[in-house]
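The values are calculated or read from the model by the stated rules, or taken from the named source; none is laboratory data. Model, not experiment: these values are computed from the prediction. Counting neighbours? That spans all protein chains shown, and the Cβs are built from the backbone with ideal geometry, glycine included.
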C-alpha cells in the first residue's frame, strides 16, 4: 500500500524520455523564427556593452584580454561530460585525471595573430607566457590574477572573486560538449607520425567548430583547433574592440590594453590552434607563485564594482572632448572609432609618451566601468530614457538619462550638470 | 543568468539567451504538458507553440512573477484549450478520457523503464482533467494553489478539493494496481 506521500513522490519524480532530435529540430525552428523576428524589427534598441572586465592587469596585453574572454565564454556553461560517443567520454575522463598540462597556442583574431604558451597545474592555476618579458598567472581558486613584466620589473596583482572549485579540467572544459550529440568521431589522421583519432564539435549556434586530435594510446589531446566564423549576414555586428596602443602615444614599450565592446553581435573570425601538448609533467611550483618578486615595482588593486561615479567621470570626459556636448545616444559611448581618438587627443602631449599612455590606460578602466554601469543599471531596465534634445555639460535643468530603479517605482535621473537625483514616477521628465 | 536578463537578451535577438531559456525549461514543460494531455507528441507541439509565442513577443513580455511560472501557465492554458476542443469534438466526458491510442507516443510508451512511473502516468490519465491539472501543476510545476485557482478560474478551496480528490484517486488506482 502506498501512502499519499509516496504518490506525491512518484508524481514528482515521474519522468518521460524525450527524443533529442525532436528537441533540436524544434530549437532550430525557434532560432529561425527569432532571426525573422529580428529582421522585421526596427533596430531602435541600443547596443549593449559586453565588456570583458579588466583592471590595470590587462593594460599590459590586449591578447590576454581576448584569452580571458575566451575562457569566460567557455566556462560559463559549466561542465557536461555526458557525450554520446563513449570514446570521447574516455578522453574527457583522462583530461579530468590529468595533473598538469603544457601547450602552445596560436591565435588569429580578425587580422591579428600571436602565439603564447600555457601551463596549468592540478589546482587550475594557469601560467600564460605572452612573450619573453610578459607572464600572467590566473589563480582562480584563490581569486588572484598576476601580471609580471620582467623588462620593466613591474607586477600587477588583482584580487578577483575566488572560485574554489577550480581545477585543471575546468580550464579545459571546452573539450566537453554542451550538446549531447555535439562531438562526433570523424576519422583518423596522422599527426607528427602518430595516427590520431579526430573528433569534431560543431556548434552552429555559436558559429564555432572545434576539432580535437587524440592520441589513442593515452586518450589525451595532441592538437586542438577552434574556429569561430561569423555568419555572412549584415544584421550581425562584429565585436567592437576598444584598444589603446603605446605606439599611438609614440612610446616603444609595445604595450596595449583593451576589451571587447559588443551589442547583439557575433565574434570576429577567431582561430585558436593548440599544439605541443605535454600532459602530466612535473611543473616547478615556483612557476605558479602569485606573489610579486621583491625587486619588482608592486601594483595591487581590488576589482571594484561599477557605480554612478564611473558614469559621471566617463560623461565628463566625453563632454570635454565634444565641446561640452553630452552623448544623448548611448550607442555613442560604445563606438571605439569615436572613443579611441578621444583618448589619444586627451592624453597624448608629446612630453612623456610612456606616462601618457599609462594615464590613458588608467582612465580607460574608469571609462569602461562607466559603460558597464550603463549596461547593467540603465539599458537593462525596462523603463529607461534618454533626452531627445542636445544636452550640454552644466545644464542642471536638463535631464540626460533617466531609468527606473530595480525593484522600485522610483526613477534615477542624471542631469546635464551630472548630478543624479531620485524621483517618483509622476516626477520623471 | 537571471530570467529577467535572459528575456532582455532574447528581446535583443540573442540566440544564446533563447537556447538557455529553452534548455532550462523545455523538458520540464513537455513533461507537464504530457501529463496533462497524455500524449508526448501533442505535448511537444504545445510547448513549441508557447516558445514560438515567447520568441515572437518577448519585447512585449514583462516579468511580473517568474519566467517559469509564465511558461507553465501558458502551457497549462494551451493544454486545457486542446482538451476542451477534443471533448467538444468527441463528446466524451472527462471521466471517460482514455490514454491516447494514436500513433503518437503516450507518456507510458516513452518513459524510462520504470514500472512505477508508467503506472503513475496511466493512473493520471484516468483522472478528471481539472483534478489531474491541479495535481500536476502543484506537484510537478510547484505552482501555488492560489496560482492554480486563478488559472482554473475557481476558488482556492475548489482547487484544493480537486487536488485532494485527484491525489486520493491516484492513490486508490495505484494501490489497486499493486493488489492485482
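Among the residues making up segment B:119-138, a single one is more than 10 Å from chain A (Cβ to nearest Cβ) and within 19 Å of residue B:26 (Cβ to Cβ): B:137. Residue A:42 - would you say it is more than 7 Å from every other protein chain (Cβ to nearest Cβ), farther than 24 Å from residue B:137 by Cβ, loosely packed, with under 15 Cβ neighbours inside 10 Å and modelled with pLDDT under 50? In short, yes. For segment A:313-356, filtering for residues that are part of a loop (DSSP other than H, G, I, E, B) and more than 23 Å from residue A:251 (Cα to Cα) leaves 8.
Does residue A:403 qualify as being buried (at least 18 other Cβ atoms within 10 Å of the Cβ), farther than 22 Å from residue A:301 by Cβ and touching a helix residue (DSSP H, G or I) at 6+ places or on another chain (Cβ under 6 Å)? Judged against the criteria, residue A:403 is a match. Check whether at least one residue in segment A:13-36 is under 30 Å from residue A:401 (Cβ atoms), assigned to a helix (DSSP H, G or I), modelled with pLDDT under 80 and at the interface with another protein chain (Cβ under 10 Å from one of its Cβ atoms), and report yes or no. Within segment A:13-36 (the criterion being under 30 Å from residue A:401 (Cβ atoms), assigned to a helix (DSSP H, G or I), modelled with pLDDT under 80 and at the interface with another protein chain (Cβ under 10 Å from one of its Cβ atoms)), the answer is no, since none of the residues qualifies.
Find the residue count for segment A:98-112, including only residues that are out of contact with any strand residue (DSSP E or B) (no Cβ under 6 Å at 6 or more places or on another chain) and either modelled with pLDDT under 90 or surrounded by 19 or more Cβ atoms within 10 Å (Cβ to Cβ) (or both). Going through segment A:98-112 one residue at a time, the tally reaches 3. Out of all the residues in segment B:9-46, which are within 8 Å of another protein chain (Cβ to nearest Cβ) and either within 22 Å of residue B:139 (Cα to Cα) or not in a helix (DSSP H, G or I) (or both)? Scanning segment B:9-46 gives B:12, B:13, B:14, B:22, B:26, B:27, B:30, B:31, B:34, B:35, B:40, B:44. Considering the conditions (1) modelled with pLDDT of 80 or more; (2) in contact with a strand residue (DSSP E or B) (Cβ under 9 Å, 6 or more places away or on another chain); (3) over 30 Å from residue A:202 (Cα atoms), residue A:55 is excluded by exactly one of them, (1).
Only one of the listed residues (A:295, A:362) is at pLDDT below 85 and either over 30 Å from residue A:419 (Cβ atoms) or not in a loop (DSSP other than H, G, I, E, B) (or both). That residue is A:362. Of all the listed residues (A:235, A:219), the sole one being modelled with pLDDT of 85 or more and either closer than 20 Å to residue A:102 by Cβ or loosely packed, with under 14 Cβ neighbours inside 10 Å (or both) is A:219.
The residue that is modelled with the lowest pLDDT, counting only those in segment A:121-136 that are within 21 Å of residue A:253 (Cβ to Cβ) and touching a strand residue (DSSP E or B) at 6+ places or on another chain (Cβ under 7 Å), is A:133. Report, by residue number, each residue of segment A:365-379 that is within 24 Å of residue A:256 (Cα to Cα) and in contact with a strand residue (DSSP E or B) (Cβ under 8 Å, 6 or more places away or on another chain). Residues satisfying the conditions are A:368, A:371.
Note on segment B:139-158: residues that are more than 10 Å from chain A (Cβ to nearest Cβ) and in a helix (DSSP H, G or I) total 10. Just one of the listed residues (B:161, B:176) is away from every other protein chain (no Cβ under 14 Å), assigned to a helix (DSSP H, G or I) and free of Cβ contacts under 8 Å to residues at least 12 places away in the same chain, and it is B:161. Answer with yes or no whether residue A:165 is surrounded by fewer than 19 Cβ atoms within 10 Å (Cβ to Cβ), farther than 14 Å from residue A:289 by Cβ and touching a strand residue (DSSP E or B) at 6+ places or on another chain (Cβ under 8 Å). No: the conditions fail for residue A:165.
Just one residue in the set A:346, A:398, A:382 is without any contact (Cβ under 8 Å) to a residue 60 or more places away in the chain, closer than 23 Å to residue A:321 by Cα and in contact with a strand residue (DSSP E or B) (Cβ under 8 Å, 6 or more places away or on another chain); that residue is A:398. If you go through segment A:365-412 and pick out every residue that is farther than 24 Å from residue A:343 by Cα and part of a loop (DSSP other than H, G, I, E, B), you end up with 18. Report yes if some residue within segment B:144-151 is closer than 20 Å to residue B:77 by Cα, in contact with a helix residue (DSSP H, G or I) (Cβ under 8 Å, 6 or more places away or on another chain) and buried (at least 23 other Cβ atoms within 10 Å of the Cβ); otherwise report no. Yes - at least one qualifying residue is present in segment B:144-151.
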